[in-house]
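First comes the structure, then the notes that go with it.
The values are calculated or read from the model by the stated rules, or taken from the named source; none is laboratory data. Because the structure is predicted, anything quoted here is derived from the model rather than measured. When we count neighbours, we look across all protein chains shown, and the Cβ atoms used for this are built from the backbone with ideal geometry, even at glycine. Side chains are part of the model used for accessible areas, which takes the heavy atoms of the whole protein and leaves out ligands, DNA and RNA. Shrake-Rupley method; radii C 1.70, N 1.55, O 1.52, S 1.80 Å.
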Amino acid sequence: MIKRIGVLTSGGDAPGMNACIRAVVLTASAYNLDVVGFDHGFNGLLEEDYQTLLPQHVQHIIQHGGTILKSARCKALHTEQGVIQAAAVLHKLQLDALLIIGGDGSFRGALAIAPHYRGQLIGVPGTIDNDVDGTDFSIGFATAIDTALDAIDKIRDTADAFERIFLVELMGRHSGYITLSAGIAAGAEQIICPEFGPVYKNQLSSVIGPIQHAQLLRGKTSYIIVVAENSYPGGTIALAEDISIELGTECRACILGHIQRGGKPVGADRILATKLGAYAVEQLTHGAHLMMAGEINQQAVLFPLAQTSDKKKQIDPYLVRWQQQIASD
């Protein structure tokens, strides 16, 4: 029977992490469990930088982006000494379980600690990339799409005014979830993401051809390409320069970067974060260990933590096919 649990946020921050922390604390309180929150991810665990979290500490945080516990990546956890030290701190603080809010990299950290820790470990998917297996959506993804969409809509306005080609770079070097979703929602003329295959300088015709076709049909007009980061040698700015040279027309690059991680979480992320945070605590009381709390077909489920980074999850194949079809017309 568990009496005392720890919670931390790790890796890249995602809108909705605060909503998840709130759900964890409120649910734990309902089960008469004590909650210890570690600051700055696994670094706080190693450095014993923690605080007791009570319901009054999580009032009015559901609407805020970022994380009240702060986040970080932890190099020390990649060493045997680091994972042994992390387990020792958990034992020292008499924690029966640790709840990790983060992505697959954070979950690998939890799996590294597991052989040295007598308690339970459970994860909650918090990453804007939505690339964690075992859940339809991860906390932060919906807000990141809205943030990107708002930016692309604004870029479209100025692109229309100048009849200019714009490349908009979004996060997701290994996954096209954000790029495909935001690109389709924004009505982008082209989408470049890992699932569509890489673009090389000697294959630039695959990008240039559709632009020339559109110009032939519509004349000089705005044209937006949404690009996942690291999709072109030298980056998106280099791609914009090469397109400009090939077409003899000015092409601009706009890199959204970390703006996609910030902002107030949208309703969908607040609800998902609340559901998964609460479900994770409930499942801990039922003995869940080395599992992730996810949602599939609107049902809360447990998924093996070790399988969350298998990369079997795929972006919507129908939307991929549709986008490729219209881009070639």
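Charged neighbours of Asp133, selected by a Cβ distance under 9 Å, balance to 0 (K, R count +1; D, E count -1).
The phi torsions of the range 229-246, fed into the Karplus equation with coefficients 6.51, -1.76 and 1.60 and a -60° offset, translate into couplings of 4, 6, 8, 9, x, x, x, 5, 5, 5, 5, 4, 5, 5, 5, 4, 5, 5 Hz, rounded to whole numbers, with Gly and Pro shown as x. Springs between Cα atoms under 10 Å define the GNM used for the chain, and in it the highest mean-square fluctuation of Asp96, Asp104, Asp269 occurs at Asp96. A simple count of charges around Gly66, restricted to other residues whose Cβ falls under 11 Å of its Cβ and scoring Lys, Arg +1 and Asp, Glu -1, yields +2. For the chain, the share of accessible area belonging to carbon and sulfur comes to 51 percent (1.4 Å probe, ligands and nucleic acids excluded). Taking R0 as 22 Å, what FRET efficiency do you get between Ile255 and Asn297 from their Cβ-Cβ distance, rounded to the nearest 0.05? So the FRET efficiency works out to roughly 0.05.
Loop-located chymotrypsin sites (Phe, Trp or Tyr not before Pro) in the range 1-53 (DSSP state not H, G, I, E or B) with no more than 15 neighbouring Cβ atoms inside 10 Å: Tyr31. The residues of the range 72-117 present an accessible area of 45 Å² per residue when probed at 1.4 Å with all protein chains retained.
Pairs to check: Lys154/Lys312; Lys70/Lys313; Lys275/Lys313; Lys3/Lys75; Lys3/Lys275; Lys201/Lys312. Give those whose C-alpha atoms are more than 23 Å from each other in this structure. Where the Cα-Cα span goes over 23 Å, the pairs concerned are Lys154/Lys312; Lys70/Lys313; Lys3/Lys75; Lys201/Lys312. Note on the range 142-261: with charges restricted to the Cβ of Lys and Arg (+1) and Asp and Glu (-1), its dipole about the Cα centre is near 80 debye. Shown here: percent of Cα pairs over 37 Å apart, derived from the displayed model; of the candidates [x] 25; [y] 22; [z] 11, it corresponds to [x]. Taking amide H positions as modeled 1.01 Å from N, with prolines and chain starts lacking one, the residues under 5 Å from Arg73 and 5 or more places away or on another chain are Gly11. Taking 0.36 nm per residue of separation and subtracting the Cα-Cα distance, full extension of the segment from Gln314 to Asp157 would add 53.3 nm. Ranking Asn202, Thr143, His174 by how far each Cα lies toward the positive end of the dipole of the range 141-257 (charges on Cβ) leaves Asn202 at the top.
For the range 241-329, trypsin sites (Lys or Arg not before Pro) meeting the loop criterion (DSSP other than H, G, I, E, B) and having at most 14 other Cβ atoms within 10 Å: Lys311, Lys312. Normalised by residue number, the volume inside the convex hull of the Cα atoms of the range 57-166 is 153 Å³ per residue.
The charge dipole of the chain, taken about its Cα centre with unit charges on the Cβ atoms of Lys, Arg (+1), Asp and Glu (-1) only, comes to about 520 debye. How fast does the range 142-261 diffuse by Stokes-Einstein, in µm²/s, taking the Kirkwood radius from C-alpha pairs at 20 °C and 1.002 mPa s? Using the Kirkwood radius from Cα pairs, D works out to 152 µm²/s. Applying the criteria of a DSSP loop state and at most 13 other Cβ atoms within 10 Å to the GluC sites (Glu not before Pro) of the range 214-260 yields Glu250. Protection proxy ranking, highest mean first, for peptides 152-158, 19-25: 19-25, 152-158, where packing is the per-residue count of other beta-carbon atoms within 10 Å, averaged. If you take the Cα centroid of the range 264-285 and the Cα centroid of the range 209-245, the two points sit 39 Å apart. Modelled spin labels at Leu247 and Leu290, positioned 7 Å past Cα toward Cβ, are 5.2 nm from each other.
Derived scalar couplings between HN and Hα for the range 38-49 equal 8, 7, 6, x, 5, 4, x, 5, 5, 8, 6, 9 Hz in order, rounded to whole Hz, by the Karplus curve 6.51 cos²θ - 1.76 cosθ + 1.60 (θ = phi - 60°), x for Gly and Pro.
Once backbone amide H atoms are built at 1.01 Å from N, Ile2 has no partners under 5 Å, excluding neighbours fewer than 5 places away on the same chain. With helices as the sole contributors, the chain gives -12500 deg cm²/dmol at 222 nm; each DSSP H run of n ≥ 4 counts as -39500 (n - 2.57), and the sum is divided by every residue. Using the Cβ of Ile122 as centre and a radius below 12 Å, the other residues enclosed give a net charge of -2, where K and R count +1 and D and E count -1.
At a probe radius of 1.4 angstrom, the accessible area of the range 142-261 per residue rounds to 45 square angstrom. With each label modelled as a point 7 angstrom along the Cα→C-beta vector, the Ile208-Lys75 pair spans 4.3 nm.
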